[in-house]
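Have a look at the structure below before the remarks.
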Amino acid sequence: MLLSLNSMRKMLTIITNVLKGSASKNVARVVAARTYADFTAEAAFDVKKCDTHRLDDAPPTKSVLTREDALKYYRTMQVIRRMELKADQLYKQKIIRGFCHLYDGQEACAVGIEAGIKPTDHLITAYRAHGYTYTRGVSVREILAELTGRRGGCAKGKGGSMHMYANNFYGGNGIVGAQVPLGAGVALACKYLGTDQVCVSLYGDGAANQGQIFEAYNMASLWKLPCIFICENNKYAMGTSVERSSASTEYYKRGNFIPGLRVDGMDILCVKEATKYAADLCRAGKGPIVMELQTYRYHGHSMSDPGVSYRTRDEIQEVRSKSDPISLLKDRMLANNMASVEELKEIDVQVRKEIEEAAQFATTDPEPPLEELCNHIFYNDAPLEVRGTLPWAKLKSVS
């Protein structure tokens, strides 16, 4: 009887050890399975009511968000944030040179707009373009390589920070406000071809006083073009507050005879709902429309601007602590059991790894050779000779 009891004890010990070992190997998987099953698949959130101009209705004040979309938006905004911080680092190391305008703080605008339109729709923006380049489908690797002037960049290393392009994305434009009438032209093509597509034409509060923008408004209104004019109002243009630069700071009313919306540009859900509303309006033949996204940039206007001579560090910190677009989405997800802290941390780790690998590529990829300098001047054309920097220096351009 005693022997039998000892045997049973040994057997129980063996079983316990086996179970412990199995549990330790699979604990992450077991917890994940249990946790994912408990997550909220979909939730509705209140969003700030948009101010309207010449509109009988407005975008909804409730937005439905699925867990899948929430995780996708969170990851995309984190990628943009980390990519811009890496660009800042590379610039200070003098690996990136020339003009460079960073987008951190404004992520909800780019990601929210993309969520409110279709991939087949068109988009054109100014020179703070890195975020939109990413949301339009270009990889971080190609963006950073373009910033460092490498052959693997999205413009073959010849465009730099202000000139990046993708399918249905027309830059990245260096001349203040000049992209707005181009966007109206793209919208004209959409209407002419009957494609049911819209064009988002973006500019900043600094460009909002440009005459060509009002000319574009006029033509777009005359022809009822499917164009969404969006002013990303980050409050300071280059370094002048909107109150000092504009007689009217209600940019969404600037179209006068064109309907307008003023939107909380720090809330991705608010931006998404407003953009979808505007796109539906344009698709119904009631375009154009003007949107003002009230947002904020954390860095200076460009890398030569420290960003604290015309505003205080306390002001920047207050916006970070109260209105940060990534934190706002994260808090919503956690409060409504749409994700766990551990899951979001894992996304952060993956994003950091992606950015580091992209930076490694962007600093080791070769620069384009001189003989490729004049390539791609024309699309699908026969090779031609191009004058170099000296009359007798000839280069060849290949499409």
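General remarks:
- Inter-residue pairs, beta-carbon under 7 Å, first closer than 16 Å to ALA145 by Cα and in the stretch 349-365, second surrounded by 13 or more Cβ atoms within 10 Å (Cβ to Cβ) and small (Gly, Ala, Ser), 6+ apart: PHE361/ALA145; PHE361/GLY152; ALA362/ALA145; ASP365/ALA145; ASP365/GLY152
- Residue in the stretch 40-53 that is open to solvent by 30 Å² or more (accessible area, probe 1.4 Å), farther than 26 Å from VAL319 by Cβ and of a type outside the set (Gly, Ala, Ser) present: yes
- Qualifying positions in the stretch 367-389 - over 33 Å from the mean Cα position of the chain (by Cα) and not small (Gly, Ala, Ser): GLU371, ASP381, PRO383, LEU384, GLU385, VAL386, ARG387, THR389
- Residue count for the stretch 138-173, restricted to those that are more than 22 Å from GLU367 (Cα to Cα) and touching a Phe, Trp or Tyr at 6+ places or on another chain (Cβ under 8 Å): 2.
- Residue match in the stretch 1-23 (condition: at pLDDT below 95 and in a loop (DSSP other than H, G, I, E, B)): yes
- Criterion: modelled with pLDDT of 95 or more and open to solvent by 40 Å² or more (accessible area, probe 1.4 Å) - qualifying residue of ARG29, ARG67: ARG67
- Among the residues of this structure, PRO306 counts as one that is open to solvent by 50 Å² or more (accessible area, probe 1.4 Å), of a type outside the set (D, E, K, R) and part of a loop (DSSP other than H, G, I, E, B).
- Residue match in the stretch 203-226 (condition: at pLDDT 95 or above, among the acidic types (Asp, Glu) and either more than 19 Å from ARG136 (Cβ to Cβ) or surrounded by fewer than 24 Cβ atoms within 10 Å (Cβ to Cβ) (or both)): yes
- Criterion: free of Cβ contacts under 8 Å to residues at least 60 places away in the same chain, open to solvent by 50 Å² or more (accessible area, probe 1.4 Å), within 22 Å of GLY206 (Cα to Cα) and in a helix (DSSP H, G or I) - qualifying residue of GLU342, GLU346, GLU315: GLU315
- Taking the criterion of being open to solvent by 10 Å² or more (accessible area, probe 1.4 Å) and either part of a loop (DSSP other than H, G, I, E, B) or touching a Lys or Arg at 6+ places or on another chain (Cβ under 6 Å) (or both), the residues of the stretch 256-295 that qualify are ASN256, PHE257, PRO259, ASP264, MET266, ALA284, GLY285, LYS286.
- Flag for PRO325 being open to solvent by less than 60 Å² (accessible area, probe 1.4 Å) and either more than 15 Å from ARG81 (Cα to Cα) or at pLDDT 95 or above (or both): yes
- Top-ranked residue in the stretch 340-399 [being at pLDDT below 95 and of a type in the set (Asp, Glu); ranked as nearest to LYS156 (Cα to Cα)]: GLU372
- Filter result (in contact with a Pro (Cβ under 9 Å, 6 or more places away or on another chain), on the phi > 0 side of the Ramachandran plot and free of Cβ contacts under 8 Å to residues at least 60 places away in the same chain) within the stretch 93-147: GLY137
- Of all residues in the stretch 74-94, exactly one satisfies the criterion of being of a type in the set (Lys, Arg), over 16 Å from ALA362 (Cα atoms) and crowded, with 19+ Cβ neighbours inside 10 Å, namely ARG81.
- Candidate set: the stretch 177-202, residues that are part of a loop (DSSP other than H, G, I, E, B) and not polar (S, T, N, Q); chosen: the one most open to solvent (accessible area, probe 1.4 Å): ASP196
- Count of the stretch 235-255 residues which are within 19 Å of ALA58 (Cβ to Cβ) and either at pLDDT below 95 or buried (at least 21 other Cβ atoms within 10 Å of the Cβ) (or both): 4
The values are calculated or read from the model by the stated rules, or taken from the named source; none is laboratory data. Given the structure is predicted, the values throughout are model-derived calculations rather than measurements. Positions of Cβ are backbone-derived with ideal geometry, glycine not excepted, and every protein chain shown enters the neighbour counts. Ligands, DNA and RNA are excluded from the accessible area calculation, which covers all protein heavy atoms including side chains. Shrake-Rupley method; radii C 1.70, N 1.55, O 1.52, S 1.80 Å.
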